[in-house]
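Participant: Structure provided below as structure tokens; questions to follow.
The values are calculated or read from the model by the stated rules, or taken from the named source; none is laboratory data. Not measured: the values here are computed from a predicted model. Cβ coordinates were reconstructed from backbone atoms using ideal geometry, including for glycine residues, and neighbour counts include every protein chain displayed.
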Amino acid sequence: MTDTHAYRAIFISDVHLGTYGCQGEKLCDFLDRSESEYLYLVGDIVDGWRLRQRWYWPQAHNDVIHKIFAKARAGTKVVFVPGNHDEFARDYDGIVIGGIPVALTTWHVTASGKRLYVMHGDEFDGVVRYGKWLAHVGSWAYDMTVILNGWLNFVRRKAGLPYWSLSAFIKRRVKEAVKFITNFEEALFRHAHEIGADGVVCGHIHHPSIKEKPGVLYLNDGDWVENGTALVETMSGELAILKWEVTTPPHVVQCVKF
């Protein structure tokens, strides 16, 4: 498909370049077929944790980096907000690399004047914040689930069945995972209120969602490991989560007029 989709802003996170689970080819297709005035990289674009353990960097992962820098050179306002997996970049806060500024957090003002606070979100994950060793164990277990998911979907493709995410299914079914997601969302809602933001954009938990409380929005753009999703601000002023597929038009998972 060669059609191009135009947006005012695009937010992507949790790409995890350098891991087997990264859907690099799908993200390349999204970047090829999407244009925007703003592009926010909301953390965990590169998985430094995994790359320190073993090197995995196929051509598709290289292509993602090249396409992002090409967009910056072409005039897209790209901002990189590092996450916990690419925390090495947090040392470069305020530095501009190849036309892309690095910022620990940033603000996006929508066409209607609403102020969205953009952050990765690991600051509000108690496991990452207070027990990094446990987070690394969890990351290993998650990688194993992603590898199993890859084999499962290989069999599904051979059977003519659509993609299905095992890890997303587990998150929806395991009580503690559901509780964690809810607590994470509530913490971000409170933070948005405290800093006077109209909404907060984050990633980190690989769970795309738009939720609204009086006067504030929670917007999680999802990931490019389990879901293949991005948050966009459309030209008509909507905020929407898109699920991207190479062979079909983008599917709007959720949207809100703000």
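Participant: Return yes when Pro58 is modelled with pLDDT of 95 or more and in contact with a Lys or Arg (Cβ under 6 Å, 6 or more places away or on another chain) and no when it is not.
Facilitator: For Pro58, the condition - modelled with pLDDT of 95 or more and in contact with a Lys or Arg (Cβ under 6 Å, 6 or more places away or on another chain) - is not met.
Participant: I'd like the full set of residues that are of a type in the set (S, T, N, Q) and either over 16 Å from Val246 (Cα atoms) or in contact with a Leu (Cβ under 7 Å, 6 or more places away or on another chain) (or both), limited to region 215-233.
Facilitator: Once the filter is applied, which keeps residues that are of a type in the set (S, T, N, Q) and either over 16 Å from Val246 (Cα atoms) or in contact with a Leu (Cβ under 7 Å, 6 or more places away or on another chain) (or both), region 215-233 yields Asn220, Thr229.
Participant: Looking at (1) modelled with pLDDT of 95 or more; (2) under 26 Å from Lys26 (Cβ atoms); (3) in a loop (DSSP other than H, G, I, E, B), which is the one condition that is false for Asn84?
Facilitator: Exception for Asn84: condition (1).
Participant: State which residue pairs qualify: first residue touching a residue at least 60 places away in the same chain (Cβ under 8 Å) and inside region 1-26, second residue part of a helix (DSSP H, G or I) and hydroxyl-bearing (Ser, Thr, Tyr) in any location, beta carbons under 9 Å apart, and separation of 6 or more residues or different chains.
Facilitator: Gly21/Tyr142; Gly21/Thr145; Gly21/Ser167
Participant: While we're here: Confirm whether Asp29 is at positive phi and in contact (Cβ under 8 Å) with a residue 24 or more places away in the chain.
Facilitator: Considered against the rule, which asks whether it is at positive phi and in contact (Cβ under 8 Å) with a residue 24 or more places away in the chain, Asp29 comes out as no.
Participant: Next up: Condition first: under 20 Å from Met119 (Cβ atoms) and surrounded by fewer than 19 Cβ atoms within 10 Å (Cβ to Cβ). Can you find one or more residues in region 65-77 that meet it?
Facilitator: The answer is yes, given that some residue of region 65-77 is under 20 Å from Met119 (Cβ atoms) and surrounded by fewer than 19 Cβ atoms within 10 Å (Cβ to Cβ).
Participant: Taking Arg52 as the residue in question, decide whether it is touching a Ser or Thr at 6+ places or on another chain (Cβ under 7 Å), surrounded by fewer than 22 Cβ atoms within 10 Å (Cβ to Cβ), outside any loop (DSSP other than H, G, I, E, B) and not aromatic (Phe, Trp, Tyr).
Facilitator: No; evaluated as a whole, the condition is false for this residue.
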